[in-house]
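Below is a structure I'd like to ask you about.
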Amino acid sequence: MNAPTAIRLESVGRTFVGAHGQPVTALAGLDLEIAVGQTVALLGPSGCGKTTTLRLINRLIEPTSGRVLVGGRDAASIDPIELRRGMGYVIQSGGLFPHMDVSANIGLLCELEGHERARIDARVDELLELVRLDPASYRHRYPGELSGGQRQRVGVARALALDPPVLLMDEPFGALDPITRGELQRDFKALEALVDKTIVLVTHDLDEAFLLADRIAVLRRGELLQFATPQELIDRPADPWLARFVAGSRIAAGGSDA
Amino acid sequence: MRELLAAAFAALSVVALPGQSSSAPAAQRFVVASKNFTESAILAEMIALTVAEHTALQVEHKTGLGGTMICFEALRQGDIDCYPDYTGTGWAIVLKEPAKISDPLRAFTHVQRRYRELYDIEWMAPFGLQNSYALAMREAQADALGVVTISDLVAHAPELRAAFSIEFHDREDGWAGLRAHYGLRFAEVRPMEHGLAYEALAGEVVDVIDAYTTDGKLPRYHLRTLRDDRGFFPPYHAAPLVRGEVLRAHPELRTALGRLAYVLDDATMTGLNYEVEEKGRMVRDVAREFLQSRDVLGPGGVSRPEVTRSALLPFLWDRRWQTLWLIGEHLYLSLLAVLLAAAFAVPLGIAIRDRRFAERLALGAAGVVQTIPSLALLMFLIAIPGFGLSERSAIFALFLYALLPILRNTVTGLRGVDPVLVDAATGIGLTPAQILRRVQLPLAVPTIMAGVRTATVIGIGVATLAAFIGAGGLGGPIVQGLYLNDVNLILAGAIPAALLALLADRALGFVERRLAPKG
Ligand SMILES: Nc1ncnc2c1ncn2[C@@H]1O[C@H](COP(=O)(O)OP(=O)(O)O)[C@@H](O)[C@H]1O
Ligand SMILES: [Mg+2]
């Protein structure tokens, strides 16, 4: 496991101004190293700083201290548009544009990159196949005509449009019913196209992290509690709280075939 | 209030004489205007008819422009060529002479000389009537008491009750000065709205009121005006005012207007005012009949189709081409204004989005404009050099009214876009300009269009006031009809205007739905 580093956080801190003007420390000096091709889950209870961490990577948020390195370069020195087009971004509600049909949503970035129409259409169909939606029947539907699960599939397809080496996902399956979520998680895990990609996945669902991630970064109150493989997490949890947390997992209870 | 309304509506009307054509060379046109009351319109119509009959000029009569200063400024700037005014008004309001004057001849020669020197405006020979302040009593009571002059009144005043209009009551050159000048003392003096005062006098609630010497209500209530025998009230002799430049270019105007010299007196003028105000006859008919009776006009007069009150539908049908033309003018005014407003307010709304302070400022300013009464705004605009009595003023006023709905809807439309979508767009790597164009604007379009729709409907309504300043449109027949007591005329403007507003609302509603994002 000596893969080169894709993303590296060096004592990254981020403080917000709270509702009453008081400083809110979302992250306090986080160090994290994500290798190329790895799927890393950011796991922890609500408010622990997962989303903040993710958004620091594509510069939707700037750090108040420390720095973020992407492909060895300081993210702050990379043009944010260029940086973001090199990273797919999927959010919980899909974030699809309601006034564009499925193909326009998926093809938008290709279009902005100046690709030809025919090439875009082919790419859209290819991506729809990839996320297991029949192009002929879904291409021209609007987001309002899709189920929650279908919308998330389109969201993933859109994130992959420019074939970015990195994929950032913020609780992508969080809003779905358990059955659909399970379906999407399995399909997602089986996606050939994702094998080489560096994926950062925010989740508060332990099972999801165990199922999808190569390594799990457990956050608590803005600090990194443990960064380890699922197996290590089960075998050697960093503290009693984490041990109890891990023990609640179905996968941990049912064995270690993650 | 009734007077105010009447004045406002009167001020709106534009009456064009036949043969008038806007494509005629400007030098050959002669534009006569009048102020916003009946007498002024009758006098102006007399001028228009006389000039049309006795010169080759193309005459246009702009009825009811507004008050003295509006007419005067319009004359000075050359927007109009002529209007009737009163010596006392020229003396006190235009020249602002501080001294009181009572000698009519001195007043006339003074204003004539000063106007010539200062403004190159000529006071022509007076009409002969004098419309000044007066005290009025019931004819019967005046007879019984033997009162003919104000001096006669002094002895009886302590047993009489007076009611004076607010304006007269409070002015130094009104009641206060009059009391001192004659040593008048009534049993009771109370301020009263002018229209009510006539009723109060007729109903013997009061015995003396203030009036105008040529007031058309005098005959109806059988009133007598008392002669100002000790010369307290300033003289208000009426005469046509003409621009010196026009007179030099058309010396024949002197002869033509000379025919109107002293054709009238107070009693005759009172009678003509009565015909229009109380009997509801049309200004042009009353003016023409009178001039024919004095041989100023030939028996046929200017060949002008007799407008008789016919059934509404044939009347509308007869006017169909004219109405069509007015609809065109009306649409041109309102749609151009709305287009300009949209071209200004949408980019402004975009520029100030997410800037709370700028947004409050802009919406505040547009909101303030919205609260200015339309007539006041128009009056204000025509006083600005470069605007004047023109289409430009009307369009600019309509433009200002259209700003708020469009700006407000642009701002709310953009703000109404789900922040999650903006966040997603940013996160997948769209530039702010791309987010605006691809996400925010398309999603805000229905809201913006709703603003444009509101602005258009408002604009079509307000555009009826454009007639006020001679900018055309369907307001012309409306206000002309209100002014001339012609219901058919009012409807000839009001019905198409209402239909137009409805139609625009429907059409833009349809466009709005077509533009709405699917899904
Ligand atoms: N824009 C912001 N302004 C103020 N506080 C914020 C902001 N974003 C996040 N926070 C705070 O930072 C902490 C971490 O938030 P977040 O990263 O969203 O947590 P989560 O792990 O649930 O994704 C929370 O306490 C949150 O209230
Ligand atoms: Mg979160």
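For segment B:51-195, I need the span (max minus min coordinate) of the C-alpha atoms along each principal axis, in Å, sorted largest to smallest.
58, 34, 27
Averaging sequence separations of C-alpha pairs under 8 Å and six or more residues apart, then dividing by the length of chain B, give the relative contact order as a whole percent. All intermediate terms of the calculation are to be shown ahead of the outcome.
Values: 896 pairs, mean separation 93.5, N = 519.
Relative contact order here is 18 percent.
Here's something else I'd like to know. Could you tell me which of B:Y221, A:S77, B:A48 has its Cα farthest along the dipole of the protein assembly as shown towards the positive end, charges placed at Cβ (Lys, Arg +1; Asp, Glu -1), taken about the Cα centre?
A:S77
Follow-up. Take the residue pairs B:K62/B:K217; B:K35/B:K96; B:K96/B:K217; A:K50/A:K197 and return only those whose Cα atoms are more than 28 Å apart. Display every interim value, and only then the final one.
On the way: B:K62/B:K217 25 Å; B:K35/B:K96 19 Å; B:K96/B:K217 30 Å; A:K50/A:K197 20 Å.
Too far apart for the 28 Å limit: B:K96/B:K217.
Based on the alpha-carbon set only, what is the convex hull volume of the protein assembly as shown divided per residue, in Å³? Please report the intermediate quantities before stating the final value.
Values: hull volume 194.3 nm³, N = 777.
Once divided by residue count, the hull of the protein assembly as shown is 250 Å³.
Among B:L503, B:L313, which comes first, second and so on when ranked by fewest other beta-carbon atoms within 10 Å?
Values: B:L503 12, B:L313 9.
Sorted ascending by nearby Cβ count, the order is B:L313, B:L503.
Something else about it: Can you compute the label reach from A:V24? Point 7 Å from Cα along the Cβ direction, backbone N cut-off under 17 Å, restricted to segment B:406-429.
B:420
For segment A:1-146, how big is the tail of P(r) above 25 Å, as a whole percent of Cα pairs?
Details: 4757 of 10585 pairs.
Roughly 45 percent, rounded to a whole number.
Assuming a ≥ b ≥ c are the square roots of the Cα gyration tensor eigenvalues, decide whether segment B:318-515 counts as rounded (a/c under 1.5), prolate (otherwise, with a/b larger than b/c) or oblate.
Working: a/c = 3.24, a/b = 1.97, b/c = 1.65.
Judged from the Cα gyration tensor, segment B:318-515 comes out prolate (a/c at least 1.5, a/b above b/c).
Something else about it: Cα-based Rg (one decimal) and Dmax (whole number) for chain A, in Å?
When restricted to Cα atoms, chain A yields Rg and Dmax of 18.5, 57 Å.
Can you check what the Kirkwood hydrodynamic radius comes to for chain B, Cα pairs only, in Å to one decimal? It would help to have the intermediate numbers written out before the result.
Details: mean 1/r = 0.0388 Å⁻¹.
About 25.8 Å, per the Kirkwood formula over Cα pairs.
Ratio of Rg to Rh for segment B:308-368, alpha carbon only, Kirkwood? Intermediate results must be reported in sequence, preceding the final value.
On the way: Rg = 20.5 Å, Rh = 15.0 Å.
Expressed as Rg/Rh, it is 1.37.
How do B:L312, B:L375 line up, fewest other C-beta atoms within 10 Å first? Mind showing how you got there, number by number?
Numbers: B:L312 13, B:L375 18.
Ranked by crowding around the Cβ, least crowded first: B:L312, B:L375.
Taking each pair of distinct Cα atoms in segment B:133-225 once, what is the resulting Kirkwood hydrodynamic radius in Å? Don't skip to the end; give the middle numbers.
Numbers: mean 1/r = 0.0775 Å⁻¹.
For segment B:133-225, inverting the mean 1/r across all distinct Cα pairs yields 12.9 Å.
Report, in debye and to the nearest 20, how large the dipole of chain B comes out about its Cα centre when Lys and Arg carry +1 and Asp and Glu carry -1 on their Cβ.
Values: 49 positive and 52 negative charges, 438 e Å.
Roughly 2100 debye, rounded to the nearest 20.
A follow-up question, please. Let me know the Kirkwood hydrodynamic radius for segment A:94-163, please, with Cα pairs as the basis and the value in Å to one decimal.
Values: mean 1/r = 0.0866 Å⁻¹.
Kirkwood hydrodynamic radius for segment A:94-163: 11.5 Å.
Of the candidates A:G66, A:G86, A:G94, which one comes out as most mobile in a Gaussian network treatment of chain A with C-alpha springs shorter than 10 Å?
A:G66
Given Cβ point charges of +1 (Lys, Arg) and -1 (Asp, Glu) and nothing else, what value in debye, to the nearest 20, does the dipole of segment A:123-258 about its Cα centre take? Mind showing how you got there, number by number?
Numbers: 17 positive and 22 negative charges, 54 e Å.
With Lys and Arg at +1 and Asp and Glu at -1, about 260 debye.
Which of rounded, prolate, oblate describes segment B:404-517, given a ≥ b ≥ c as roots of the alpha-carbon gyration tensor eigenvalues and a/c under 1.5 marking rounded, otherwise prolate only if a/b is larger than b/c?
Values: a/c = 5.15, a/b = 3.41, b/c = 1.51.
Prolate, because a/c is 1.5 or more and a/b exceeds b/c.
Using Cα atoms only, what is the angle between the long axis of helix A:102-112 and the major principal axis of chain A, expressed in degrees (0 to 90) to the nearest 10?
Long axis of A:102-112 versus the principal axis of chain A: about 80 degrees.
Moving on. Please sort through the DSSP H helices of chain B and keep those with an alpha-carbon extent of at least 20 Å along the long axis and a Kyte-Doolittle average not below -1.0.
Numbers: long enough: B:38-54 (24 Å, 0.82); B:104-119 (22 Å, -1.04); B:320-351 (45 Å, 1.36); B:356-371 (22 Å, 0.53); B:391-415 (36 Å, 0.84); B:441-462 (30 Å, 1.55); B:487-515 (41 Å, 1.27).
Those that pass (Cα extent of 20 Å or more, hydropathy at least -1.0) are B:38-54, B:320-351, B:356-371, B:391-415, B:441-462, B:487-515.
Okay, next question. If you take every residue apart from A:F245 with its C-beta less than 11 Å away from the C-beta of A:F245, what net charge results, scoring Lys and Arg +1 and Asp and Glu -1? Each step should come with its number before you reach the end.
Values: positive: A:R220, A:R244; negative: A:D239.
Local net charge: +1.
About the Cα centre of segment B:318-515, what is the dipole size in debye to 20, counting +1 per Lys and Arg Cβ and -1 per Asp and Glu Cβ, all else neutral? Display every interim value, and only then the final one.
Values: 15 positive and 10 negative charges, 94 e Å.
Computed about the Cα centre, the dipole is about 440 debye.
Which Cα, out of B:Q28, B:A134, B:G328, lies furthest along the positive dipole direction of chain B (beta carbon charges, K/R +1, D/E -1)?
So the residue we want is B:G328.
Going by how many other beta carbons lie within 10 Å of each one, how would you line up A:H99, B:H330, fewest first? The partial results should precede the final answer.
On the way: A:H99 20, B:H330 27.
Listed from fewest to most nearby Cβ atoms, that is A:H99, B:H330.
Quick note: the coordinates plus some simple rules give every number you see, no bench work behind them. A quick note: this is a predicted structure, and the numbers were derived from the prediction, not measured. Here Cβ is always computed from backbone atoms with ideal geometry, including for glycine, and neighbour counts include all displayed protein chains.
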